[in-house]
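Enquirer: My structure is below; once you've seen it, I'll send some questions.
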Amino acid sequence: MTDTTPPLAGCTLSVNARTRPLVQRLLDDAEALAVGVARDDSGVCIVDAGIVSRGSVAAGLLIGEICMGGLGHVSLRGGGLEGWPTWVEVRSSQPVLACLGSQYAGWSLAASKEETGGKKFFSLGSGPARALAGKEPLYAELGYRDRADVGVLVLEVDRAPPKVIVEKLLHDCGLQAETLTLVLTPTSSLAGTTQIVARSLETALHKAHQLGFALANIIDGVAVAPLPAPSPDGVTAMGRTNDAILYGGRVQLSVRGDDAAARQLAHDLPSGNSRDHGRSFADIFKEAGYDFYKIDGGLFAPAEVWVSNVDSGNTWHAGSLNMALLHSLWTQQA
């Protein structure tokens, strides 16, 4: 008989409470991390990690851990792995909650020109405050909602959110203005590029969810992906961060359950199974008319995967890196 219990049913961990010390470190070390901190007219704390302030790789690593609700470790690996100098490593022993319950950019936030009194606004919110609002159907599937008196949300934007969006966030999260922190990380910044590349494990969890794998059976995860330089061009910057995972992401998932399901997950998970695989994401995005929904959803996955079944001791491997493509896209000859 199939177990229909939501994977996070009964979970009492608070992703917002766990990130409180990480957010405080971001604020306390703002100058060292090259981020700006201010409060808007309502009293919400706004962290600029790459708009006016230049931001930093170190800030991006910390923001990556904030996004994961304090349930993941994000760090740099050097040593020239696969001929690339710097990689972002992500680990979590609570991968479903850290990646899907917190880090996933799943909260759609939009405002029209009429609502903003100027330019229309759109962003996908990621991080712990998603779990306070619970606006996404995903939370019903997970069986999880957070309850906390503080919240933090990360927005990949190049300008501060308008008042109408801030008011929506406060209302939906049930927070007072002084208890909400918004971290702004444009993809074209060092911090923005870093925190997106830190989503290699989350990408694997999201793909596993799409494939229908029992999320409760994913019990640990480790991932790495190469860190490219940011680009001042928004589409190019977005392309580089996606390519880092699609062609350079390596993930090992520890699972439990039967071998057939674990083996199938390893086979189906890599990005190479997608019809769109093999070209730069920027080119694919342009060809799709800048419409994400026209891109094969199966593309959004790590390049190379190991799935280890802790119940049987067996491991399956599928996919491969395409570092030649990344070098051709990212490096110039000196």
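Enquirer: In Å, what Rg and Dmax follow from the Cα atoms of the range 151-298?
Expert: According to the Cα coordinates of the range 151-298, Rg and Dmax are 17.6, 51 Å.
Enquirer: Reachable lysines from residue 120, Cα under 23 Å, same-chain residues fewer than 8 places away excluded?
Expert: Within reach: 135, 163, 168, 286, 294.
Enquirer: Please compute P(r) over all alpha-carbon pairs of the range 239-325, binned at 5 Å starting from zero, and give each bin as a whole-number percent.
Expert: Calculated over all Cα pairs of the range 239-325, the distribution is 3, 16, 24, 20, 14, 11, 7, 4, 1, 0 percent.
Enquirer: Relative to the present Cα-Cα distance, how much length would full extension add between residue 73 and residue 314 at 0.36 nm per residue of separation?
Expert: Length difference between fully extended and current span is 84.2 nm.
Enquirer: Filter the trypsin sites (Lys or Arg not before Pro) in the range 1-73 to those in DSSP coil with at most 16 other Cβ atoms within 10 Å of their Cβ, and list the result.
Expert: Filter output for the range 1-73: 54.
Enquirer: Using only alpha-carbon positions, what ratio does the radius of gyration of the range 134-203 give when scaled by 2.2 N^0.38 Å?
Expert: My calculation over the Cα atoms of the range 134-203 gives 1.26.
Enquirer: Around residue 294, under 13 Å between beta carbons, what's the net of Lys plus Arg minus Asp minus Glu among the other residues?
Expert: -2
Enquirer: Return the percentage of antiparallel bridges among DSSP beta bridges fully within the chain, rounded to the nearest 5 %.
Expert: Around 70 percent of the beta bridges assigned by DSSP in the chain are antiparallel ones.
Enquirer: I want the local charge near residue 237. Using Cβ-Cβ distances under 13 Å, sum +1 for each Lys or Arg and -1 for each Asp or Glu among the other residues.
Expert: For residues surrounding residue 237, the net value is -3.
Enquirer: Once Rh is set to the Kirkwood radius over Cα pairs, what Stokes-Einstein translational diffusion coefficient, in µm²/s, holds for the range 1-106 at a temperature of 20 °C and a viscosity of 1.002 mPa s?
Expert: Reported coefficient: 136 µm²/s.
Enquirer: Also, quick follow-up: Where a ≥ b ≥ c are the square roots of the eigenvalues of the C-alpha gyration tensor, would you call the chain rounded, which needs a/c under 1.5, or, failing that, prolate if a/b is larger than b/c, or oblate?
Expert: oblate
Enquirer: Further, regarding this structure: Treat each spin label as a single point 7 Å out from the Cα along the C-beta direction, and report the residue 260 to residue 114 distance in nm.
Expert: Roughly 5.5 nm, to one decimal.
Enquirer: Expressed as cubic angstrom per residue, what is the convex hull volume of the alpha carbon set of the range 75-213?
Expert: Looking at the range 75-213, the number lands at 137 Å³ per residue.
Laboratory data are not the source of any read-out in this text; all were calculated from the coordinates shown. This one's a predicted model, so the numbers in the text were calculated from it and none came from an experiment. All Cβ positions, even for glycine, are placed from backbone atoms using ideal geometry, and neighbour counts span all protein chains on display.
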